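**Q** Right, I'll just put the structure down here and ask away after.
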Amino acid sequence: MQSQEALKALAIVPKVSGAVSIIGSTCILNDIFMKSRKKSNRLPINLRILVSLSISDIIASFFAYFLSTWMVPSDTPSEDVVFAAGNDVTCNVQGFLTALTLAASNWSIASLAISSAMIACWGWSNDKLLELKWQIPLVVFPWIYGLACGIYFQVVKGYRYNGSSRCLIGDEPFPLWVIIFTLINVLFLFISICSAIASLVKYVYQVEMKLDKYQVGGTQQTRRREKTIRTAKQGIWYTLMWLFVATFIVIGGFVGEEPVWFWILYGVFVPLQGLFNAWIYFRERIIANRRKRRRNASQPKPQPDVPRADIPKADDPQPDVPQPDV
């Protein structure tokens, strides 16, 4: 049994991290929607997936992490939980949305990595990926899969307080087919994401080597290549941050309520997925603005024109000059 101080830390820490994550994902959505208003063309596929990922993060950050133990039934023994103010309905809602958004975000990250590799490495155009037959597996399917997971766990197992900060899947053992299906799902996600990351890293390395070798900056083709490289690098960063967060989730599935320090770190980093995504999304823009300010600071300031004393102005009275006699 954990101490009251540990229970308070496990309940409060995710609230702070969840609130910060909500702000980060909201900034991403606001920037993308502002871009969509200014430009008449359709949003690229990677931004559509990022919108889906940000919405999923906002839902998870609010219900699973910010509300945390507030959604736990209030009749839960006080030695097991602090700040419990909910009931069975709120606990089920929290568990359902946690399962839904966790599955949806995992598949959205896979879609983001795969679509980035399709554009950068395999030469697919954004217009082709915006076709309905590709938007369904890349953008819509993560939510269908997450909804199926949430409904299944709700009907078969239900949701219970997990002993730390929120309501999750009940403790009853899973059927064998569910365990096998879950392992296949995780294995497929891991292989597809790692394959996409390897392809993106190889592509970025090869293209940057060519650009450094030939120094052909300024052409339209080079600018297109540079934009593709930025897309590839963002796909790499999004996936690496997800792997960092997923490491805590995987480890958390094998450890118990102890050690407390692990679950505090879990509550710090896992809810911060939205902040990590915002840092990656605005990173290139921040770097470009810093470079611009440095260039402006290094350039000499123009000196104001100082009139010379020996050059008369146009409105100064001219001295009378005697004309020679003709």
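The values are calculated or read from the model by the stated rules, or taken from the named source; none is laboratory data. This one's a predicted model, so the numbers in the text were calculated from it and none came from an experiment. So basically every Cβ, Gly included, is an ideal-geometry build from the backbone, and we count neighbours across all protein chains shown. Areas reflect the complete protein model, heavy atoms only, side chains present, ligands, DNA and RNA absent. Shrake-Rupley method; radii C 1.70, N 1.55, O 1.52, S 1.80 Å.
**Q** Please pick out the residue among SER74, SER21 that is surrounded by 19 or more Cβ atoms within 10 Å (Cβ to Cβ), at pLDDT 90 or above and of a type in the set (S, T, N, Q).
**A** SER21
**Q** Of everything in the stretch 29-41 that's part of a helix (DSSP H, G or I) and more than 16 Å from LEU112 (Cβ to Cβ), which residue is most open to solvent (accessible area, probe 1.4 Å)?
**A** Only one residue fits best here, namely ARG37.
**Q** Here are some conditions: (1) assigned to a loop (DSSP other than H, G, I, E, B); (2) hydroxyl-bearing (Ser, Thr, Tyr); (3) touching a residue at least 12 places away in the same chain (Cβ under 8 Å); (4) open to solvent by 60 Å² or more (accessible area, probe 1.4 Å). THR26 meets all but one. Which one does it not meet?
**A** (1)
**Q** Continuing with this model, one more query. I'd like to verify a number: residues in the stretch 256-287 that are open to solvent by 50 Å² or more (accessible area, probe 1.4 Å) and not charged (D, E, K, R), how many?
**A** Residues flagged as open to solvent by 50 Å² or more (accessible area, probe 1.4 Å) and not charged (D, E, K, R) within the stretch 256-287 amount to 8.
**Q** Turning to a different aspect of this structure: From PHE262, PHE276, PHE248, PHE254, which residue is within 19 Å of SER56 (Cα to Cα) and either of a type in the set (Ser, Thr, Tyr) or over 11 Å from the mean Cα position of the chain (by Cα) (or both)?
**A** Of PHE262, PHE276, PHE248, PHE254, the one residue that is within 19 Å of SER56 (Cα to Cα) and either of a type in the set (Ser, Thr, Tyr) or over 11 Å from the mean Cα position of the chain (by Cα) (or both) is PHE248.
**Q** Right, here's the next one. Which residue out of PHE141, PHE153, PHE66 is of a type in the set (Phe, Trp, Tyr), modelled with pLDDT of 90 or more and in contact with a helix residue (DSSP H, G or I) (Cβ under 6 Å, 6 or more places away or on another chain)?
**A** Of the residues listed, the single one that is of a type in the set (Phe, Trp, Tyr), modelled with pLDDT of 90 or more and in contact with a helix residue (DSSP H, G or I) (Cβ under 6 Å, 6 or more places away or on another chain) is PHE66.
**Q** Name, by its number, the condition in (1) over 19 Å from the mean Cα position of the chain (by Cα); (2) more than 19 Å from ILE191 (Cβ to Cβ); (3) touching a residue at least 12 places away in the same chain (Cβ under 8 Å); (4) open to solvent by 20 Å² or more (accessible area, probe 1.4 Å) that does not hold for GLY123.
**A** Here GLY123 meets the rest and fails (3).
**Q** Continuing with the same structure: When you scan the stretch 42-59, do you find a residue that is open to solvent by 70 Å² or more (accessible area, probe 1.4 Å), among the hydrophobic types (A, V, I, L, M, F, W, C), in a helix (DSSP H, G or I) and in contact (Cβ under 8 Å) with a residue 60 or more places away in the chain, even just one?
**A** No, the conditions are met nowhere in the stretch 42-59.
**Q** Another question, then. Scan the stretch 1-22 and report the pairs whose first residue is outside any helix (DSSP H, G or I) and whose second residue is of a type in the set (Val, Ile, Thr) and open to solvent by 20 Å² or more (accessible area, probe 1.4 Å), with Cβ atoms within less than 9 Å and a gap of 6+ or a chain change.
**A** Once the first residue is outside any helix (DSSP H, G or I) and sits in the stretch 1-22, its partners that are of a type in the set (Val, Ile, Thr) and open to solvent by 20 Å² or more (accessible area, probe 1.4 Å) give GLN2/VAL260; SER3/VAL260.
**Q** Scan the stretch 180-195 and tell me whether some residue there is open to solvent by 20 Å² or more (accessible area, probe 1.4 Å), at pLDDT 85 or above, touching a Pro at 6+ places or on another chain (Cβ under 8 Å) and not in a loop (DSSP other than H, G, I, E, B).
**A** no
**Q** Moving on. Can we say SER116 is farther than 30 Å from PRO77 by Cα, polar (S, T, N, Q), modelled with pLDDT of 90 or more and under 18 Å from the mean Cα position of the chain (by Cα)?
**A** In short, no.
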